[in-house]
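Trainee: Okay, here's the structure, questions in a sec.
The values are calculated or read from the model by the stated rules, or taken from the named source; none is laboratory data. Predicted model only: the values in this text are computed from it and were never measured. Virtual Cβ from ideal backbone geometry, glycine too; neighbours counted across all protein chains shown. What goes into the accessible areas is simple: the full protein's heavy atoms, side chains included, and nothing from ligands, DNA or RNA. Shrake-Rupley method; radii C 1.70, N 1.55, O 1.52, S 1.80 Å.
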Amino acid sequence: QVQLVESGGGLVQPGGSLRLSCVASGSIFSINAMGWYRQAPGKQREVVAAITSGGSTNYADSVKGRFTISRDNAKNTVYLQMNSLKAEDTAVYYCNQRIRIRWGEPFYTYWGQGTQVTVSS
């Protein structure tokens, strides 16, 4: 079994920063892409940022220049550094990782449980 655990969410004032972490544990052979999504109340889940196994990154236009995604392959961890936070960044943030549990098996997407980020004064 594979489990993803997120941490780092919380309440922050506009203009502040937070760093989210997502650690994968369990039966893991290899990990491909990793990403962060968010879902605000009454809205659909949307992609925020993604990073490939080679380190290439992509960002939603709304967070470019403010958020940075990174990964530590030795720790099976993906991070999201969020700077210059705005009220509209308020949402539940979810991580996902494409994981292969053994050689020859396909990659499956696993999700974290979500962590609340609230930007408010």
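Trainee: Output the direction-averaged projected area (hull surface divided by four) of the convex hull of the alpha-carbon atoms of the chain, in nm².
Mentor: Numbers: hull surface 29.0 nm².
Answer in nm², one decimal: 7.2.
Trainee: Let me ask something else about it. Considering only the other residues whose Cβ falls under 14 Å of the Cβ of ASN83, what net charge follows from Lys and Arg at +1 and Asp and Glu at -1? Walk me through the numbers on the way to the answer.
Mentor: Details: positive: ARG19, LYS64, ARG66, LYS86; negative: ASP89.
Its environment carries a net charge of +3.
Trainee: Could you sort ASP89, ASP61, ASP72 by accessible area so the largest value comes first, with the probe set to 1.4 Å?
Mentor: Solvent-accessible surface, decreasing: ASP61, ASP72, ASP89.
Trainee: Taking the Cα-to-Cβ direction at ASN32 and at LYS64 and moving 7 Å from each Cα, how far apart do the two end points lie in nm?
Mentor: Here the modelled spin labels are 2.6 nm apart.
Trainee: Which loop-located chymotrypsin sites (Phe, Trp or Tyr not before Pro) does region 37-103 contain, where loop means any DSSP state but H, G, I, E or B and the Cβ has at most 16 other Cβ atoms within 10 Å?
Mentor: Answer in residue order: TRP103.
Trainee: Tell me the trypsin sites (Lys or Arg not before Pro) within region 68-121 that lie in a loop according to DSSP and have at most 15 other beta-carbon atoms within 10 Å.
Mentor: Details: sites: ARG71, LYS75, LYS86, ARG98, ARG100, ARG102; in loops: LYS86, ARG102.
Here the trypsin sites (Lys or Arg not before Pro) that fit, given the DSSP loop and packing criteria, are LYS86, ARG102.
Trainee: Another one. For THR90, enumerate residues with amide H under 5 Å from its amide H, sequence gap 5+ or separate chain, H modeled in the peptide plane.
Mentor: The list, which skips near neighbours in sequence, is VAL119.
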